[in-house]
Amino acid sequence: MNVFRLLGDLSHLIAVIILLQKIWHTRSCAGISGKSQVLFALVYTARYLDLVSTYVSLYNTFMKVIFLISSYATIYFIYMKFRATYDRNHDTFRIEFLILPSVLLALLINHQFSFLEVLWTFSIYLESVAILPQLFMVSKTGEAESITSHYLFALGSYRGLYIFNWIYRYWSEQHYDIIAIVAGVVQTVLYCDFFYLYVTKVLKGKKLQLPA
């Protein structure tokens, strides 16, 4: 644990809180991609199956449980409780084009060909592109509410901070994980255009708009 990882985890947690608060407070899932949330649920499920076999720390277990519960709660809100507000017409990204390549990559490129390790690797690959349906939806509608923009910024910051975490760990421990680093960089790059618009528009009180 170091300050970059802690800040990254907190940013991730803040993103989840912002999303759930937005849905519950407005009683609406408008502007939220259900497909991205399904992908994140797959990511957490595959990555955190080791909860039943491995104990690292109370902090580690707590964060895993929170992300699992929150991801499935979000799916429940989108597809059941507030399904009438879910914008299916704009959430049309073909997620099988993200899931299948992630499965194949995990089977071909991993640290160890074991069940849990392949699942962990799959979760890393899938997480790097899981936000694409949400960004595609924002691009398709042409704009995003401020609260949705804050959620995306916090989520992108989480991955950006983890890059600094990896740099710090390499400097202090000579430890690095090339799979996690490459996937994390890819994920952060996907947010770059959004980060620029967030800083130049949302923080100045303007509604974020992306080219369709």
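The values are calculated or read from the model by the stated rules, or taken from the named source; none is laboratory data. Predicted model, so just to flag it, every value in this text is computed and none were measured. With ideal geometry, Cβ positions are generated from the backbone for all residues, glycine too; neighbour counts draw on all protein chains shown. When the accessible area is computed, the model is the full protein with side chains, heavy atoms only, and any ligands, DNA or RNA have been set aside. Shrake-Rupley method; radii C 1.70, N 1.55, O 1.52, S 1.80 Å.
Numerical summary
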| item | result |
| --- | --- |
| Lysine pairs meeting the criterion (Cα under 19 Å, 8 or more apart or interchain), as found in the chain | 9 |
| Region 3-203 - percent of accessible surface contributed by carbon and sulfur, probe 1.4 Å | 70 |
| Cα pair distances in region 98-143, grouped into 5 Å bins until the bin that holds the longest one, percent each | 5, 24, 23, 15, 11, 9, 7, 4, 1 |
| Alpha carbon Rg of region 1-105, scaled by the compact-globule rule 2.2 N^0.38 Å | 1.18 |
| Over the chain: helical MRE at 222 nm, DSSP H runs n ≥ 4 each giving -39500 (n - 2.57), nearest 500 | -23500 deg cm²/dmol |
| The chain: most fluctuating residue of LEU105, LEU42, LEU119 per GNM, C-alpha cutoff 10 Å | LEU105 |
| Quotient of C-alpha Rg and 2.2 N^0.38 Å, computed over the chain | 1.01 |
| Hz values of 3J(HN,Hα) by residue in region 31-39 - Karplus curve (6.51, -1.76, 1.60), Gly and Pro given as x | x, 9, 7, x, 5, 5, 5, 5, 5 |
| Probe 1.4 Å - accessible area at THR54, Å² to nearest ten | 70 |
| Estimated FRET transfer efficiency when R0 is 25 angstrom, pair VAL186-ALA30 (beta carbons, to 0.05) | 0.30 |
| Probe 1.4 Å, protein heavy atoms only - accessible area per residue of region 3-203 in square angstrom | 51 |
| Chymotrypsin sites (Phe, Trp or Tyr not before Pro) restricted to DSSP loop in region 1-86 with at most 16 other C-beta within 10 Å | TYR55 |
